[in-house]
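A.B. asks: If you scroll down you'll find the structure; I have some questions about it.
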Amino acid sequence: MKVSQLQEELIQYATSIGVDKIGFTTAAPFHELKNRLRRQQQLGYQSGFEESDIELRTEPLKLLDDAESIIAIAIAYPSRMQDAPQGKKGERRGIFCRASWGVDYHTAVRERLQLIEAWLQERVPNVKVKSMVDTGELVDRAVAERAGIGWSGKNCSIITPEFGSYVYLGEIMTNIPFAPDTPIEDECGDCNLCIDVCPTGAIVAPGQLNSQRCIAFLTQTKGFLPDEFRSKIGNRLYGCDTCQTVCPKNKGKLNWIHEEFKPDPEIAKPLLQPLLSISNKEFKSKFSHVSGSWRGKKPIQRNAILALAHFKEESAMPELVQVLQKDERPVLRGTAAWAIGKIGTNEAEGILLAAKKLEQDEEVLAEIEKGLTLLNQ
């Protein structure tokens, strides 16, 4: 079979298995990206979650030595929730970012990539394939951009004409020499909305992100959240969508396409107070299928405490006191102390002073002091 015919049939097959967009590019090095990544590294802008070896991230032939091309795929996910519950006093809710609604995208994208691999293996003797999604060495967005899936927006997301930036990405390297697609022209123009509204100023320049300041990264950390960001995360439990929701290219892109990504409102927007006492078993049962659970319950519980402080939710005081007095994890005890001071009820000072007498962890003691200081402001 001719490669051109194979390519056409592959495009049709990909559509039949729930791939919303497919593109092709060469396995040539990503030279410009290499320079950008080196600069990011020098500036300390990387998150630490990504592959540290820049050569592996930019040289496809180091991953598959006879690669000829890369197949890029995109799968759209919803931008709106149907029947979203509204939080109210006494029943405050947190929010998971849209990329963590529904089934874990790593699983969903990987399943489609594996189906494409099997399809190619049936048709091409001695075919070689290597696929990845998100946690692989290659930079998904760079591959998608070069393969014509979309352009790289100023918010560092791939923006597609059809689905906006609400797409999951994945790729397959192969030794089949598919014809490359033409990259899409950048349509951001002089719009800077995403830069202007970023809550922490993490988008330092068009297409340049300081991950260390990005709320999407900060919500995934496990230690104490730095003071300057505590008032910025609002009720976000995992991830941040601000730079996507303000993007004009996302207007009207609902993307209610795949059942597996449609959120359960009680999981995507859960009540905050029950999260403070949720057991490992309960957490796993409720949240293990969503990508936002990958770091475990501790960061989400810490963020829930910060969200309750953001709302100054007085009804949460009993749960916060319980965490301060009983939780074995210093980060949660300390964050609860800070939150108690932030909420500032009449009994808060007595609670914090009593905890101060019993607490032995230096970091927690420092947070108790911060809570007491907040009471006097």
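The values are calculated or read from the model by the stated rules, or taken from the named source; none is laboratory data. Computed from a predicted model, the values in this text were never measured in an experiment. No Cβ is skipped: glycine too gets one built from the backbone with ideal geometry, and neighbour counts run over all protein chains shown.
A.B. asks: Which of the residues that make up the stretch 10-27 are part of a helix (DSSP H, G or I) and in contact (Cβ under 8 Å) with a residue 40 or more places away in the chain?
C.D. replies: Result: Leu10, Tyr13, Ala14.
A.B. asks: Determine whether the stretch 145-160 contains at least one residue that is buried (at least 20 other Cβ atoms within 10 Å of the Cβ), in the same structural domain as Thr26 (by TED's automatic domain parsing), under 16 Å from the mean Cα position of the chain (by Cα) and part of a loop (DSSP other than H, G, I, E, B).
C.D. replies: Yes, the stretch 145-160 has at least one match.
A.B. asks: Still on this structure: Of all the residues that make up the stretch 53-72, how many are within 23 Å of Val3 (Cα to Cα) and in a loop (DSSP other than H, G, I, E, B)?
C.D. replies: Qualifying residue count, the stretch 53-72: 6.
A.B. asks: What about Glu266, is it under 24 Å from Ala108 (Cα atoms), in contact with a Pro (Cβ under 9 Å, 6 or more places away or on another chain) and surrounded by fewer than 20 Cβ atoms within 10 Å (Cβ to Cβ)?
C.D. replies: Taking the combined requirement at face value, the residue satisfies it.
A.B. asks: I would also like to ask the following. Using beta carbons and a limit of 7 Å, which pairs, at least six apart or on different chains, have the first residue in the stretch 185-211 and assigned by TED's automatic domain parsing to the domain that holds Asp241 and farther than 21 Å from Gly148 by Cα and the second one among the hydroxyl-bearing types (Ser, Thr, Tyr) and modelled with pLDDT of 95 or more?
C.D. replies: Partner pairs satisfying both residue conditions: Val197/Thr242; Cys198/Thr242; Pro199/Thr242.
A.B. asks: Specify the residue that is nearest to Lys232 (Cα to Cα); the eligible residues are those in the stretch 321-371 that are among the basic types (Lys, Arg) and out of contact with any Phe, Trp or Tyr (no Cβ under 9 Å at 6 or more places or on another chain).
C.D. replies: Ranking the qualifying residues of the stretch 321-371, first place goes to Lys342.
A.B. asks: Now for a separate question. Among the helices (runs of 4 or more DSSP H) contained in the stretch 290-352, which hold 1 or more residues that are among the basic types (Lys, Arg) and crowded, with 19+ Cβ neighbours inside 10 Å?
C.D. replies: Qualifying helices (runs of 4 or more DSSP H): 297-311, 330-343.
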